[in-house]
1. Please work out if K144 is more than 26 Å from Y62 (Cα to Cα), of a type in the set (D, E, K, R) and either modelled with pLDDT of 85 or more or not in a helix (DSSP H, G or I) (or both).
2. Pairs, please: C-beta under 6 Å, at least 6 apart or cross-chain, first residue over 17 Å from D77 (Cβ atoms) and in region 36-59, second surrounded by fewer than 14 Cβ atoms within 10 Å (Cβ to Cβ)?
3. Does region 207-219 include one or more residues that are modelled with pLDDT under 75, open to solvent by 40 Å² or more (accessible area, probe 1.4 Å), farther than 18 Å from A299 by Cα and hydrophobic (A, V, I, L, M, F, W, C)?
4. Give the residues of region 360-381 that are basic (K, R) and in a strand (DSSP E or B), sorted by residue number.
5. Quick one: is E127 over 60 Å from the mean Cα position of the chain (by Cα) and more than 20 Å from K65 (Cα to Cα)?
6. At pLDDT below 85 and farther than 21 Å from D123 by Cα: which single residue out of K7, K33, K48 fits that description?
7. May I ask you to verify whether L151 is modelled with pLDDT under 90 and in contact with an Asp or Glu (Cβ under 6 Å, 6 or more places away or on another chain)?
8. The conditions are (1) in contact with a helix residue (DSSP H, G or I) (Cβ under 8 Å, 6 or more places away or on another chain); (2) open to solvent by less than 20 Å² (accessible area, probe 1.4 Å), and Q321 fails exactly one of them. Which is it?
Amino acid sequence: MNKNEKKALFSFLSIYVGSIVLLVGLFLSLYYKNELKSVSQQCSMQMKNASNEIKAHILNTYMKKQQFRPIEFKNKDIKYALFDKDKNLLFSNMINKDEVIFHKTNYQTSQYSYYIVKLNEDDIPIEYIAIQTCSQVQDIDRLKLIMITILILTSIFVAIVAYLLAKLLLKPVREKVESMDNFIKDTAHELNTPVSVLMTSVAMLKKGKNPEKMMKYIVSSSKQISQLYNDIHFSTFSNMDDSIEEEFNLEDLVSHSVEYFNDISITKNIEIESKIEVCKIKADKNKIQKIVNNLISNAIKYSHNNSKIIVSLVDGIFSVQDFGIGIDKAQQKEIFKRYKRGENSEGGFGIGLDIVKRVAKEYELDIKLISKQNVGSTFFVDLKNILVDVDKGEF
(Lines give C-alpha, C1' and ligand atoms only; values in the text may rest on other atoms or scores of the structure.)
Protein backbone atom coordinates (compact mmCIF):
# COMPACT_ATOMS: atom_id res chain seq x y z
CA MET A 1 0.00 0.00 0.00
CA ASN A 2 1.59 3.26 -1.11
CA LYS A 3 1.61 6.59 0.73
CA ASN A 4 -1.44 8.01 -1.07
CA GLU A 5 -3.48 4.85 -0.44
CA LYS A 6 -2.56 4.93 3.26
CA LYS A 7 -3.54 8.60 3.44
CA ALA A 8 -6.87 7.91 1.72
CA LEU A 9 -7.54 4.92 3.98
CA PHE A 10 -6.69 6.93 7.11
CA SER A 11 -8.94 9.82 5.99
CA PHE A 12 -11.82 7.45 5.26
CA LEU A 13 -11.43 5.67 8.60
CA SER A 14 -11.18 8.96 10.49
CA ILE A 15 -14.32 10.40 8.93
CA TYR A 16 -16.33 7.16 9.03
CA VAL A 17 -15.32 6.03 12.53
CA GLY A 18 -15.42 9.57 13.91
CA SER A 19 -18.95 10.22 12.63
CA ILE A 20 -20.26 6.85 13.87
CA VAL A 21 -18.62 7.25 17.29
CA LEU A 22 -19.97 10.80 17.55
CA LEU A 23 -23.47 9.58 16.71
CA VAL A 24 -23.23 6.66 19.16
CA GLY A 25 -21.79 9.01 21.78
CA LEU A 26 -24.77 11.33 21.34
CA PHE A 27 -27.26 8.48 21.80
CA LEU A 28 -25.32 7.18 24.83
CA SER A 29 -25.29 10.68 26.32
CA LEU A 30 -29.06 10.94 26.00
CA TYR A 31 -29.46 7.42 27.40
CA TYR A 32 -27.07 8.24 30.28
CA LYS A 33 -29.03 11.36 31.24
CA ASN A 34 -32.27 9.44 31.18
CA GLU A 35 -30.81 6.57 33.24
CA LEU A 36 -29.20 9.02 35.64
CA LYS A 37 -32.56 10.60 36.28
CA SER A 38 -34.10 7.17 36.76
CA VAL A 39 -31.35 6.09 39.18
CA SER A 40 -31.73 9.32 41.17
CA GLN A 41 -35.50 8.91 41.43
CA GLN A 42 -35.14 5.27 42.43
CA CYS A 43 -32.57 6.11 45.11
CA SER A 44 -34.70 8.96 46.45
CA MET A 45 -37.70 6.67 46.63
CA GLN A 46 -35.61 4.04 48.40
CA MET A 47 -34.34 6.50 51.01
CA LYS A 48 -37.81 8.02 51.46
CA ASN A 49 -39.31 4.60 52.10
CA ALA A 50 -36.53 3.86 54.59
CA SER A 51 -37.16 7.16 56.41
CA ASN A 52 -40.91 6.47 56.52
CA GLU A 53 -40.21 3.02 57.96
CA ILE A 54 -37.96 4.48 60.69
CA LYS A 55 -40.46 7.27 61.41
CA ALA A 56 -43.31 4.79 61.73
CA HIS A 57 -41.21 2.66 64.05
CA ILE A 58 -40.32 5.68 66.23
CA LEU A 59 -43.94 6.89 66.47
CA ASN A 60 -45.20 3.40 67.18
CA THR A 61 -42.57 2.82 69.89
CA TYR A 62 -43.27 6.09 71.74
CA MET A 63 -47.02 5.71 71.33
CA LYS A 64 -46.83 2.37 73.08
CA LYS A 65 -44.40 3.87 75.59
CA GLN A 66 -41.83 1.22 74.84
CA GLN A 67 -38.09 1.54 74.86
CA PHE A 68 -36.85 2.60 71.44
CA ARG A 69 -34.61 0.10 69.71
CA PRO A 70 -33.06 1.05 66.34
CA ILE A 71 -34.06 -1.23 63.48
CA GLU A 72 -31.78 -2.74 60.83
CA PHE A 73 -32.54 -2.78 57.12
CA LYS A 74 -32.15 -5.84 54.94
CA ASN A 75 -30.47 -3.60 52.39
CA LYS A 76 -27.00 -3.16 53.91
CA ASP A 77 -26.33 -0.17 51.67
CA ILE A 78 -28.82 1.91 53.70
CA LYS A 79 -27.47 3.49 56.88
CA TYR A 80 -29.10 6.10 59.12
CA ALA A 81 -28.62 8.41 62.08
CA LEU A 82 -31.00 9.96 64.65
CA PHE A 83 -30.57 13.44 66.12
CA ASP A 84 -32.41 15.42 68.81
CA LYS A 85 -33.75 18.98 68.56
CA ASP A 86 -30.30 20.41 69.30
CA LYS A 87 -28.83 18.24 66.51
CA ASN A 88 -27.01 16.03 68.97
CA LEU A 89 -26.40 12.52 67.80
CA LEU A 90 -28.62 9.90 69.43
CA PHE A 91 -27.88 6.91 67.22
CA SER A 92 -25.88 6.27 64.05
CA ASN A 93 -24.58 3.39 61.96
CA MET A 94 -23.46 5.80 59.24
CA ILE A 95 -19.91 5.82 57.97
CA ASN A 96 -19.62 9.59 57.48
CA LYS A 97 -22.12 11.12 59.93
CA ASP A 98 -20.30 14.46 59.77
CA GLU A 99 -21.61 14.96 56.22
CA VAL A 100 -25.18 15.39 57.49
CA ILE A 101 -26.58 18.81 56.49
CA PHE A 102 -29.78 19.40 58.44
CA HIS A 103 -31.26 22.23 56.37
CA LYS A 104 -31.21 20.10 53.18
CA THR A 105 -33.70 17.40 52.35
CA ASN A 106 -32.00 15.45 49.56
CA TYR A 107 -28.38 15.84 48.47
CA GLN A 108 -25.36 13.89 47.31
CA THR A 109 -21.64 13.90 48.10
CA SER A 110 -18.81 12.23 46.21
CA GLN A 111 -19.49 8.88 47.90
CA TYR A 112 -23.00 8.91 49.38
CA SER A 113 -26.55 10.14 48.96
CA TYR A 114 -28.48 11.63 51.87
CA TYR A 115 -32.12 12.16 52.75
CA ILE A 116 -33.08 14.25 55.83
CA VAL A 117 -36.49 14.08 57.55
CA LYS A 118 -37.73 16.20 60.46
CA LEU A 119 -40.30 14.66 62.85
CA ASN A 120 -41.70 17.80 64.55
CA GLU A 121 -43.08 15.82 67.52
CA ASP A 122 -42.85 17.72 70.85
CA ASP A 123 -42.93 14.73 73.17
CA ILE A 124 -40.44 12.66 71.16
CA PRO A 125 -36.77 13.47 71.67
CA ILE A 126 -35.83 12.34 68.19
CA GLU A 127 -36.11 15.29 65.83
CA TYR A 128 -34.04 14.43 62.74
CA ILE A 129 -33.74 11.22 60.73
CA ALA A 130 -30.80 11.15 58.31
CA ILE A 131 -30.67 8.36 55.71
CA GLN A 132 -27.38 7.50 53.96
CA THR A 133 -26.80 5.16 51.01
CA CYS A 134 -24.05 4.52 48.49
CA SER A 135 -26.26 2.65 46.02
CA GLN A 136 -26.91 5.72 43.83
CA VAL A 137 -23.20 6.51 43.52
CA GLN A 138 -22.46 2.86 42.79
CA ASP A 139 -25.23 2.72 40.21
CA ILE A 140 -23.97 5.91 38.56
CA ASP A 141 -20.38 4.60 38.50
CA ARG A 142 -21.60 1.31 37.08
CA LEU A 143 -23.63 3.19 34.48
CA LYS A 144 -20.60 5.29 33.51
CA LEU A 145 -18.49 2.15 33.17
CA ILE A 146 -21.12 0.53 30.97
CA MET A 147 -21.40 3.64 28.78
CA ILE A 148 -17.62 3.91 28.37
CA THR A 149 -17.32 0.18 27.63
CA ILE A 150 -20.08 0.36 25.03
CA LEU A 151 -18.45 3.40 23.42
CA ILE A 152 -15.01 1.73 23.30
CA LEU A 153 -16.36 -1.59 21.97
CA THR A 154 -18.50 0.26 19.42
CA SER A 155 -15.47 2.27 18.30
CA ILE A 156 -13.37 -0.88 17.90
CA PHE A 157 -16.16 -2.71 16.06
CA VAL A 158 -16.86 0.22 13.75
CA ALA A 159 -13.13 0.68 13.11
CA ILE A 160 -12.75 -3.00 12.15
CA VAL A 161 -15.84 -2.92 9.92
CA ALA A 162 -14.72 0.36 8.36
CA TYR A 163 -11.24 -1.03 7.71
CA LEU A 164 -12.59 -4.20 6.08
CA LEU A 165 -15.13 -2.16 4.10
CA ALA A 166 -12.42 0.26 2.95
CA LYS A 167 -10.16 -2.62 1.92
CA LEU A 168 -13.07 -4.22 0.07
CA LEU A 169 -13.96 -0.99 -1.73
CA LEU A 170 -10.36 -0.10 -2.48
CA LYS A 171 -9.48 -3.57 -3.77
CA PRO A 172 -10.98 -3.19 -7.28
CA VAL A 173 -9.62 0.35 -7.51
CA ARG A 174 -6.20 -0.87 -6.43
CA GLU A 175 -6.32 -3.74 -8.91
CA LYS A 176 -7.37 -1.31 -11.65
CA VAL A 177 -4.56 1.08 -10.80
CA GLU A 178 -2.04 -1.77 -10.66
CA SER A 179 -3.23 -3.15 -14.00
CA MET A 180 -3.02 0.32 -15.53
CA ASP A 181 0.48 0.80 -14.07
CA ASN A 182 1.52 -2.54 -15.54
CA PHE A 183 -0.15 -1.60 -18.82
CA ILE A 184 1.81 1.65 -19.03
CA LYS A 185 5.06 -0.14 -18.15
CA ASP A 186 4.39 -2.89 -20.67
CA THR A 187 3.43 -0.38 -23.35
CA ALA A 188 6.69 1.48 -22.79
CA HIS A 189 8.57 -1.83 -22.92
CA GLU A 190 6.70 -2.88 -26.06
CA LEU A 191 7.51 0.42 -27.76
CA ASN A 192 11.14 0.21 -26.73
CA THR A 193 12.05 -2.60 -29.15
CA PRO A 194 10.68 -1.13 -32.42
CA VAL A 195 11.83 2.38 -31.47
CA SER A 196 15.35 1.11 -30.70
CA VAL A 197 15.44 -0.86 -33.95
CA LEU A 198 14.11 2.17 -35.81
CA MET A 199 16.73 4.52 -34.38
CA THR A 200 19.56 2.03 -34.95
CA SER A 201 18.43 1.39 -38.51
CA VAL A 202 18.25 5.10 -39.27
CA ALA A 203 21.74 5.59 -37.82
CA MET A 204 23.10 2.70 -39.90
CA LEU A 205 21.28 4.01 -42.97
CA LYS A 206 22.93 7.40 -42.54
CA LYS A 207 26.30 5.67 -42.56
CA GLY A 208 25.35 3.85 -45.76
CA LYS A 209 25.58 0.37 -44.19
CA ASN A 210 23.20 -2.31 -45.56
CA PRO A 211 20.61 0.20 -46.84
CA GLU A 212 18.24 -2.50 -48.13
CA LYS A 213 18.27 -4.43 -44.86
CA MET A 214 18.00 -1.25 -42.79
CA MET A 215 14.98 -0.13 -44.80
CA LYS A 216 13.27 -3.45 -44.07
CA TYR A 217 13.91 -2.95 -40.35
CA ILE A 218 12.61 0.62 -40.51
CA VAL A 219 9.42 -0.54 -42.25
CA SER A 220 9.01 -3.41 -39.76
CA SER A 221 9.49 -1.15 -36.73
CA SER A 222 7.15 1.51 -38.11
CA LYS A 223 4.43 -1.07 -38.69
CA GLN A 224 4.88 -2.49 -35.18
CA ILE A 225 4.46 0.98 -33.70
CA SER A 226 1.43 1.59 -35.93
CA GLN A 227 -0.14 -1.73 -34.89
CA LEU A 228 0.52 -0.93 -31.23
CA TYR A 229 -1.03 2.53 -31.56
CA ASN A 230 -4.09 1.16 -33.39
CA ASP A 231 -4.70 -1.44 -30.67
CA ILE A 232 -4.42 1.10 -27.87
CA HIS A 233 -6.63 3.61 -29.68
CA PHE A 234 -9.29 1.01 -30.52
CA SER A 235 -9.29 -0.50 -27.02
CA THR A 236 -9.41 2.86 -25.24
CA PHE A 237 -11.43 5.19 -27.42
CA SER A 238 -13.57 3.10 -29.77
CA ASN A 239 -17.23 2.57 -29.01
CA MET A 240 -18.18 -1.03 -29.80
CA ASP A 241 -21.72 0.12 -30.58
CA ASP A 242 -20.51 2.27 -33.48
CA SER A 243 -20.40 0.01 -36.55
CA ILE A 244 -20.51 0.53 -40.28
CA GLU A 245 -21.93 -2.70 -41.66
CA GLU A 246 -20.95 -3.55 -45.22
CA GLU A 247 -20.44 -6.57 -47.46
CA PHE A 248 -16.84 -7.20 -48.46
CA ASN A 249 -14.45 -9.97 -49.49
CA LEU A 250 -12.60 -11.15 -46.41
CA GLU A 251 -9.91 -12.89 -48.48
CA ASP A 252 -8.66 -9.51 -49.69
CA LEU A 253 -8.45 -8.19 -46.13
CA VAL A 254 -6.60 -11.31 -44.92
CA SER A 255 -4.18 -11.21 -47.86
CA HIS A 256 -3.43 -7.56 -47.17
CA SER A 257 -2.82 -8.33 -43.46
CA VAL A 258 -0.47 -11.22 -44.31
CA GLU A 259 1.49 -8.94 -46.61
CA TYR A 260 1.52 -6.22 -43.93
CA PHE A 261 2.82 -8.55 -41.22
CA ASN A 262 5.44 -10.10 -43.47
CA ASP A 263 7.37 -6.88 -42.98
CA ILE A 264 7.04 -7.21 -39.20
CA SER A 265 7.91 -10.92 -38.99
CA ILE A 266 11.20 -10.28 -40.80
CA THR A 267 12.86 -9.17 -37.54
CA LYS A 268 12.38 -12.71 -36.14
CA ASN A 269 12.92 -14.40 -39.52
CA ILE A 270 9.40 -15.87 -39.36
CA GLU A 271 7.72 -17.05 -42.55
CA ILE A 272 3.97 -16.51 -42.90
CA GLU A 273 2.25 -19.12 -45.04
CA SER A 274 -1.34 -18.55 -46.13
CA LYS A 275 -4.17 -20.62 -47.49
CA ILE A 276 -6.98 -18.26 -48.40
CA GLU A 277 -10.29 -19.03 -50.11
CA VAL A 278 -13.00 -16.67 -51.29
CA CYS A 279 -15.15 -15.59 -48.36
CA LYS A 280 -17.74 -12.80 -48.45
CA ILE A 281 -19.04 -11.43 -45.15
CA LYS A 282 -21.16 -8.59 -43.83
CA ALA A 283 -19.74 -6.72 -40.83
CA ASP A 284 -17.75 -3.68 -39.79
CA LYS A 285 -14.56 -3.97 -41.82
CA ASN A 286 -12.40 -2.22 -39.23
CA LYS A 287 -13.51 -4.54 -36.42
CA ILE A 288 -12.98 -7.72 -38.46
CA GLN A 289 -9.55 -6.45 -39.39
CA LYS A 290 -8.80 -6.15 -35.67
CA ILE A 291 -9.49 -9.90 -35.29
CA VAL A 292 -7.24 -10.80 -38.21
CA ASN A 293 -4.41 -8.42 -37.32
CA ASN A 294 -4.33 -9.22 -33.63
CA LEU A 295 -4.30 -12.99 -34.12
CA ILE A 296 -1.44 -12.72 -36.63
CA SER A 297 0.41 -10.19 -34.45
CA ASN A 298 -0.09 -12.43 -31.42
CA ALA A 299 1.31 -15.41 -33.32
CA ILE A 300 4.44 -13.45 -34.28
CA LYS A 301 5.03 -12.32 -30.68
CA TYR A 302 4.84 -15.84 -29.27
CA SER A 303 6.62 -17.67 -32.07
CA HIS A 304 10.24 -18.74 -31.94
CA ASN A 305 12.78 -17.17 -34.27
CA ASN A 306 13.23 -18.89 -37.61
CA SER A 307 9.80 -20.56 -37.42
CA LYS A 308 6.62 -20.15 -39.42
CA ILE A 309 2.97 -19.13 -39.07
CA ILE A 310 0.08 -20.56 -41.06
CA VAL A 311 -2.86 -18.25 -41.81
CA SER A 312 -5.94 -19.99 -43.17
CA LEU A 313 -9.36 -18.90 -44.44
CA VAL A 314 -11.22 -22.03 -45.52
CA ASP A 315 -14.95 -22.89 -45.43
CA GLY A 316 -15.83 -19.78 -43.43
CA ILE A 317 -13.24 -20.55 -40.73
CA PHE A 318 -10.39 -18.15 -40.13
CA SER A 319 -7.42 -19.63 -38.27
CA VAL A 320 -3.88 -18.68 -37.32
CA GLN A 321 -1.38 -21.35 -36.30
CA ASP A 322 2.04 -20.79 -34.80
CA PHE A 323 4.79 -23.14 -33.66
CA GLY A 324 5.92 -21.13 -30.68
CA ILE A 325 5.87 -21.37 -26.91
CA GLY A 326 2.24 -22.52 -26.62
CA ILE A 327 -0.18 -21.72 -23.80
CA ASP A 328 -0.59 -23.63 -20.58
CA LYS A 329 -4.06 -25.13 -20.14
CA ALA A 330 -4.63 -23.19 -16.90
CA GLN A 331 -3.92 -19.90 -18.72
CA GLN A 332 -6.05 -20.52 -21.80
CA LYS A 333 -9.19 -19.02 -20.25
CA GLU A 334 -7.28 -16.07 -18.79
CA ILE A 335 -5.51 -14.84 -21.94
CA PHE A 336 -8.69 -13.28 -23.36
CA LYS A 337 -8.92 -10.96 -20.35
CA ARG A 338 -7.55 -7.45 -20.72
CA TYR A 339 -3.91 -6.99 -19.70
CA LYS A 340 -3.36 -10.77 -19.44
CA ARG A 341 -0.41 -12.23 -21.27
CA GLY A 342 0.82 -15.73 -21.97
CA GLU A 343 4.48 -15.03 -21.16
CA ASN A 344 5.82 -11.72 -19.90
CA SER A 345 9.17 -12.40 -21.48
CA GLU A 346 7.70 -12.59 -24.96
CA GLY A 347 6.38 -9.02 -25.16
CA GLY A 348 2.81 -7.82 -25.67
CA PHE A 349 0.67 -6.11 -23.07
CA GLY A 350 -2.57 -8.05 -23.09
CA ILE A 351 -5.15 -6.08 -25.08
CA GLY A 352 -4.92 -7.84 -28.46
CA LEU A 353 -6.91 -10.94 -27.52
CA ASP A 354 -9.28 -8.81 -25.46
CA ILE A 355 -10.13 -6.88 -28.65
CA VAL A 356 -10.58 -10.17 -30.52
CA LYS A 357 -12.97 -11.44 -27.85
CA ARG A 358 -14.99 -8.19 -27.76
CA VAL A 359 -15.48 -8.12 -31.54
CA ALA A 360 -16.28 -11.84 -31.64
CA LYS A 361 -18.84 -11.38 -28.87
CA GLU A 362 -20.52 -8.52 -30.74
CA TYR A 363 -21.00 -10.68 -33.87
CA GLU A 364 -21.56 -13.92 -31.92
CA LEU A 365 -18.53 -15.56 -33.50
CA ASP A 366 -17.23 -18.70 -31.83
CA ILE A 367 -13.53 -18.74 -30.94
CA LYS A 368 -11.66 -21.99 -30.38
CA LEU A 369 -8.10 -22.40 -29.14
CA ILE A 370 -5.95 -25.50 -29.44
CA SER A 371 -2.58 -25.12 -27.76
CA LYS A 372 0.21 -27.18 -26.27
CA GLN A 373 3.24 -25.86 -24.47
CA ASN A 374 6.44 -25.78 -26.49
CA VAL A 375 4.52 -27.00 -29.54
CA GLY A 376 2.39 -24.03 -30.54
CA SER A 377 -1.12 -22.61 -30.66
CA THR A 378 -3.95 -22.39 -33.19
CA PHE A 379 -6.81 -19.90 -32.94
CA PHE A 380 -10.01 -20.62 -34.89
CA VAL A 381 -12.77 -18.07 -35.56
CA ASP A 382 -16.06 -19.37 -36.97
CA LEU A 383 -17.52 -16.69 -39.27
CA LYS A 384 -20.83 -18.43 -39.97
CA ASN A 385 -22.94 -15.64 -38.42
CA ILE A 386 -21.61 -13.00 -40.81
CA LEU A 387 -21.17 -15.03 -44.02
CA VAL A 388 -23.02 -13.86 -47.15
CA ASP A 389 -24.57 -16.39 -49.55
CA VAL A 390 -22.56 -19.26 -48.15
CA ASP A 391 -23.76 -22.46 -46.56
CA LYS A 392 -23.18 -21.87 -42.84
CA GLY A 393 -21.78 -24.99 -41.25
CA GLU A 394 -20.36 -25.55 -37.79
CA PHE A 395 -16.83 -26.43 -36.84
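1. Spelling it out, K144 is indeed more than 26 Å from Y62 (Cα to Cα), of a type in the set (D, E, K, R) and either modelled with pLDDT of 85 or more or not in a helix (DSSP H, G or I) (or both).
2. H57/I71
3. No: zero hits.
4. So the first thing to find is which residues in region 360-381 are basic (K, R), and the list is 361, 368, 372.
Answer for region 360-381, where residues must be basic (K, R) and in a strand (DSSP E or B): K368, K372.
5. On the way: over 60 Å from the mean Cα position of the chain (by Cα): yes; more than 20 Å from K65 (Cα to Cα): no.
No; evaluated as a whole, the condition is false for this residue.
6. Numbers: K33 fails: at pLDDT below 85; K48 fails: at pLDDT below 85.
The match here is K7.
7. Details: modelled with pLDDT under 90: yes; in contact with an Asp or Glu (Cβ under 6 Å, 6 or more places away or on another chain): no.
In short, no.
8. Result: Q321 fails condition (2) only.
The values are calculated or read from the model by the stated rules, or taken from the named source; none is laboratory data. Everything quoted here is computed from the prediction, not taken from an experiment. Counting neighbours? That spans all protein chains shown, and the Cβs are built from the backbone with ideal geometry, glycine included. Accessible surface areas use protein heavy atoms only, side chains included; no ligands, DNA or RNA. Shrake-Rupley method; radii C 1.70, N 1.55, O 1.52, S 1.80 Å.
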